[in-house]
Amino acid sequence: MKVFGICASPRISTTNYVIKKALEKLDDDSFETTLFSCAGKNIRPCMHCDYCLENKRCIIEDDMADVYRNLQDADGIILATPVQSGGISSNLSAIMDRTRALEAIDYNLLRGKIGMSIAVGGDRTGGQDFAHLKNITYFMIHGIIPVSGGPFGSNLGASFWSNDTLNDIKKDEYGMESLNRTLVEFEKFLKKYI
Ligand SMILES: Cc1cc2nc3c(=O)[nH]c(=O)nc-3n(C[C@H](O)[C@H](O)[C@H](O)COP(=O)(O)O)c2cc1C
């Protein structure tokens, strides 16, 4: 089974560290994983030109091509975002908007896949839950089944406190527990529903 992970930070740092941990665990458990990092990529915002509605593809030619292909191929999707301004990153927001071009092809293209959310905040309570809720809302809109890591600290997904440094996120044991709990459920859902 294929899992596609999006690291929605504009740089290679704390979010990259945790999504790589997640994908390594999935690799060990025999899933086929692909990581797309927004760092250094060109992903322009949706212009609402409606070209996709007529032509069944986005008019913008940039690094979204990789994302479109991998989203369609995947059985499971992980959205990992740094918390920015109390929610998801601008990179992830652009990616979500740009998938309107997939809806234009077929509203059901992503339906039935399994979705998981990871949020990394510089602050302990900096908006991780709002970032998760945005990701879960996106999953719902596309018929993607969202997983919870369970009621003991990972209700909406895996939440991390980075204190803005790579050193400190490595010490966030509670965050790593929330990731492991969410991964257990993600794997169960993939095996049960795909
Ligand atoms: C523009 C911007 C806005 C941010 N807003 C928040 C915020 O609202 N809450 C929070 O906890 N951290 C906030 N941060 C801090 C990042 O979430 C934190 O440093 C995170 O670890 C960055 O992930 P990265 O290392 O993968 O880029 C913000 C950072 C930036 C650059």
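What follows is calculated from the coordinates using simple rules that are stated; it is not laboratory data. Nothing here was measured: the structure is a model prediction, and the numbers come from that model. Here the Cβ positions follow ideal geometry from the backbone for every residue, glycine too, while neighbour counts run over all protein chains shown.
If you check Ser178 against the conditions, is it of a type in the set (Ser, Thr, Tyr) and in contact with a helix residue (DSSP H, G or I) (Cβ under 6 Å, 6 or more places away or on another chain)? Steps first, answer last, please.
Details: of a type in the set (Ser, Thr, Tyr): yes; in contact with a helix residue (DSSP H, G or I) (Cβ under 6 Å, 6 or more places away or on another chain): no.
No; evaluated as a whole, the condition is false for this residue.
Count, please, the residues in segment 22-53 that happen to be over 22 Å from Arg98 (Cα atoms) and aliphatic (A, V, I, L, M).
From segment 22-53, those over 22 Å from Arg98 (Cα atoms) are 22-33; that's our starting set.
Right, trim to aliphatic (A, V, I, L, M) and you get 22-23, 26.
The number of residues fulfilling the criteria is 3.
Select from segment 158-173 the residues that are loosely packed, with under 14 Cβ neighbours inside 10 Å and away from the ligand (no atom under 11 Å from the Cβ) and write down the one among them that is nearest to Met1 (Cα to Cα).
Glu173
Does Asp63 satisfy the criteria of being away from the ligand (no atom under 16 Å from the Cβ) and of a type in the set (D, E, K, R)? Walk me through it before giving the result.
On the way: away from the ligand (no atom under 16 Å from the Cβ): yes; of a type in the set (D, E, K, R): yes.
Yes.
To keep it simple, each residue is scored yes or no on (1) within 23 Å of Gly150 (Cα to Cα); (2) among the acidic types (Asp, Glu); (3) crowded, with 21+ Cβ neighbours inside 10 Å.
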residue	(1), (2), (3)
Glu54	no, yes, no
Cys58	no, no, yes
Leu71	no, no, yes
Ile77	yes, no, yes
Thr81	yes, no, yes
Ile88	yes, no, yes
Tyr107	no, no, no
Ser117	yes, no, yes
Thr137	yes, no, no
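Confirm whether Asp97 is in contact with a Cys (Cβ under 8 Å, 6 or more places away or on another chain) and surrounded by fewer than 17 Cβ atoms within 10 Å (Cβ to Cβ).
Yes.
How many of the residues making up segment 68-99 are away from the ligand (no atom under 16 Å from the Cβ), within 11 Å of the chain's Cα centre (by Cα) and closer than 23 Å to Gln128 by Cβ?
3
Condition check: touching a Ser or Thr at 6+ places or on another chain (Cβ under 7 Å), within 16 Å of the ligand (Cβ to nearest atom), in a loop (DSSP other than H, G, I, E, B) and touching a residue at least 24 places away in the same chain (Cβ under 8 Å). Does Ile12 satisfy that?
So Ile12 fits the description; yes.
Show the residue pairs that are 6+ apart or on different chains and have beta-carbon atoms under 6 Å apart, the first residue being within segment 105-120 and in contact (Cβ under 8 Å) with a residue 60 or more places away in the chain, the second being of a type in the set (Phe, Trp, Tyr).
Between residues of segment 105-120 that are in contact (Cβ under 8 Å) with a residue 60 or more places away in the chain and residues that are of a type in the set (Phe, Trp, Tyr), the close pairs are Ile114/Phe189; Met116/Phe186; Val120/Phe160.
Restricting attention to segment 28-57, and to residues there that are outside any loop (DSSP other than H, G, I, E, B) and under 17 Å from the mean Cα position of the chain (by Cα), which single residue is nearest to the ligand (Cβ to nearest atom)?
Kept after step one, since they are outside any loop (DSSP other than H, G, I, E, B), are these residues of segment 28-57: 28, 32-37, 51-55.
When the remaining residues are screened for being under 17 Å from the mean Cα position of the chain (by Cα), the result is 32-37.
Values: Glu32: 24, Thr33: 18, Thr34: 19, Leu35: 13, Phe36: 14, Ser37: 10 Å.
The extreme case among them is Ser37.
For Arg69, work out the one condition from (1) closer than 15 Å to Glu103 by Cα; (2) touching a residue at least 24 places away in the same chain (Cβ under 8 Å) it doesn't fulfil.
Result: Arg69 fails condition (2) only.
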